[in-house]
């Protein structure tokens, strides 16, 4: 994998984590209808994606790299669930929902492609 500063999935996942933190702050402190439980779940899974990608970059072996990437993939899928739940319970708007999901789909697709390519190249 490329160095973190040149790594598109690391950058996208970091940017997504920043969005999750800002959304959490908005839903807990600035929103008219405060929401703490679902947004906390999104905060945890959304920030975990990038953390696991960073760990994968520093992995000690291909197996370690793939394991961390697999966790990042699962956290991204979980984040998608929490975003959908926030949307369906009217805590976020259509615009926010589609923007977050589109960013997340990019991350999920990139992680899946990296995982497949790495597995193929090491088999």
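Compared with the direct C-alpha span, the chain from residue 123 to residue 40 gains 26.0 nm at full extension, assuming 0.36 nm per residue. Nearest 10 degrees, 0 to 90: what angle lies between the long axis of helix 62-88 and the longest principal axis of the chain (Cα atoms)? Rounded to the nearest ten degrees, it is 20.
If neighbour count is taken as other Cβ atoms inside 10 Å, put 75, 35, 55 in order from fewest to most. List each step's numbers first, then the result.
Numbers: 75 23, 35 19, 55 16.
Taking fewest neighbouring Cβ atoms as first place, the list is 55, 35, 75.
Put a dot 7 Å past the Cα of residue 67, heading toward its Cβ, do the same for residue 25, and the two dots end up 3.5 nm apart. The angle between the Cα long axis of helix 94-121 and the main principal axis of the chain comes to about 10°, on a 0 to 90 degree scale.
By how many degrees, between 0 and 90 and to the nearest 10, does the Cα long axis of helix 37-57 differ from the longest principal axis of the chain? Orientation of helix 37-57: about 20 degrees from the principal axis. Here the gap between residue 93 and residue 81, fully extended at 0.36 nm per residue and compared with their Cα-Cα distance, gives a gain of 2.8 nm.
Looking at the P(r) of the chain, how many percent of alpha-carbon pairs lie beyond 18 Å? If you can, show how the numbers build up before the last one.
Details: 3747 of 7503 pairs.
In whole percent, the long-distance tail amounts to 50.
Note on residue 33/residue 11: beta-carbon distance plugged into 1/(1 + (r/R0)^6) with R0 of 30 Å gives a FRET efficiency of 0.40.
Values in this text are rule-based calculations from the coordinates and carry no lab data. Small disclaimer: the values here were computed from a predicted structure and weren't measured. A quick note on method: Cβ atoms are made from the backbone with ideal geometry, for glycine too, and the neighbour counts reach across all protein chains shown.
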